[in-house]
């Protein structure tokens, strides 16, 4: 039974509870206002007087703010002495056999390969490529060749080629954890040296070097490529059509400096990770800018790497290709033939483009430079079995030939120029 004095006590408590609550709210509001106006010292100074509270704050501050802080990167000591290359070989309609020939000429069990036929190619072509990759005994045994089965639309003059390259980079980062350099090639490219030559040459290089042809002198590209605004239908249509222009033109950017160069490059893993993760947002910002840029593959990676101070010292101004251009360059380079063989060899480049399918010059490269008989794999120190290179021996055993000397001579000259500070100018 409730007594009268209990009821009176209850009502008395109600009378003072409400003013107390209001007073507490006002005090909290005034305290917060003082902090905001700087009338009280900052919170971290109070922490020194309250060690328990301070320990809680410190423990909260120890949580990483960025996802990439959780990544454990391999140290130079943990890396194999022989580097690994990760290749993208891409093609379009009618390029099946060209791509297949380039892949087999480039193949080495120590490397990784992503192949892609774009959405313009016939479904039968893509299915045939997938079948060849799946049924090849060597590829099945080693498991280092991956085909992008969900094809992308690629328009060379638009940003879709950059998107496709970044797609391949993301696949390689996810599937394979231990490669050192990314190399993008097309079905119209072909090697001028063996993979053993290349592995041997890059073996003694700092694995942060990036081979990116670049210049900040835009010249005629300023008016014809940088300032016009274009739309690439390949971003939203499933059939290839040419880009189209819209008005008005835009001025050159002031937030970053534009660079231009070759669409073909050899990129370090650390720079590829930066392009994919983009933790300071520059790669994404530039990707949006280059969405409306004519021939964005010839500017995107150059502009990214030359606007990041930590990567500028790693840039070597060469794309490791022999390419014959008009002056000024047209949209596509000259098609190389057998008369260009001597110039290709003299250049010291690792690759050349552009080639037609099954031409005499490719046969000469196979026989004289790669020693690759009858469409087989290019021989190297890894080869075992009969016929030759039908089995994998020691994948890190390399047998460099004359091609290694040519490439090494070129790279030594380029790196010396880079060390003199001739980068991103």
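Some values worked out for this structure:
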quantity	calculated
Residue 126 closer than 26 Å to residue 193 by Cα and either at pLDDT 50 or above or surrounded by 14 or more Cβ atoms within 10 Å (Cβ to Cβ) (or both)	no
Residue within the stretch 257-280 that is free of Cβ contacts under 8 Å to residues at least 12 places away in the same chain, out of contact with any helix residue (DSSP H, G or I) (no Cβ under 9 Å at 6 or more places or on another chain), surrounded by fewer than 21 Cβ atoms within 10 Å (Cβ to Cβ) and in a loop (DSSP other than H, G, I, E, B) present	no
Yes/no for residue 301 being more than 14 Å from the chain's Cα centre (by Cα), closer than 25 Å to residue 156 by Cβ and at pLDDT 90 or above	no
Conditions (1) over 15 Å from the mean Cα position of the chain (by Cα); (2) surrounded by fewer than 20 Cβ atoms within 10 Å (Cβ to Cβ); number of the one not met by residue 320	(2)
Residue that is surrounded by the fewest Cβ atoms within 10 Å (Cβ to Cβ) [pool: residues in the stretch 211-228 that are part of a loop (DSSP other than H, G, I, E, B) and touching a helix residue (DSSP H, G or I) at 6+ places or on another chain (Cβ under 7 Å)]	218
Any chance residue 336 is touching a residue at least 24 places away in the same chain (Cβ under 8 Å), in contact with a helix residue (DSSP H, G or I) (Cβ under 8 Å, 6 or more places away or on another chain) and assigned to a loop (DSSP other than H, G, I, E, B)	yes
Unique match (being in contact with a strand residue (DSSP E or B) (Cβ under 9 Å, 6 or more places away or on another chain), closer than 30 Å to residue 231 by Cα and at pLDDT below 95) among 292, 327	292
Residue check, residue 238 within 30 Å of residue 122 (Cβ to Cβ) and modelled with pLDDT under 95	yes
Number of positions in the stretch 102-137 that are touching a residue at least 12 places away in the same chain (Cβ under 8 Å) and under 22 Å from residue 169 (Cα atoms)	24
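A quick yes/no check of all residues on (1) in contact with a helix residue (DSSP H, G or I) (Cβ under 6 Å, 6 or more places away or on another chain); (2) closer than 19 Å to residue 410 by Cα:
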| site | (1), (2) |
| --- | --- |
| 116 | no, no |
| 120 | no, no |
| 163 | no, no |
| 171 | no, no |
| 174 | no, no |
| 177 | no, no |
| 181 | no, yes |
| 187 | yes, no |
| 209 | yes, yes |
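For every residue, the table says whether it meets (1) modelled with pLDDT under 95; (2) crowded, with 18+ Cβ neighbours inside 10 Å; (3) part of a loop (DSSP other than H, G, I, E, B); (4) under 28 Å from the mean Cα position of the chain (by Cα).
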position: 377; (1), (2), (3), (4): no, yes, yes, yes
position: 399; (1), (2), (3), (4): no, no, yes, no
position: 406; (1), (2), (3), (4): no, yes, no, yes
position: 417; (1), (2), (3), (4): yes, no, no, yes
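The values are calculated or read from the model by the stated rules, or taken from the named source; none is laboratory data. This one's a predicted model, so the numbers in the text were calculated from it and none came from an experiment. When we count neighbours, we look across all protein chains shown, and the Cβ atoms used for this are built from the backbone with ideal geometry, even at glycine.
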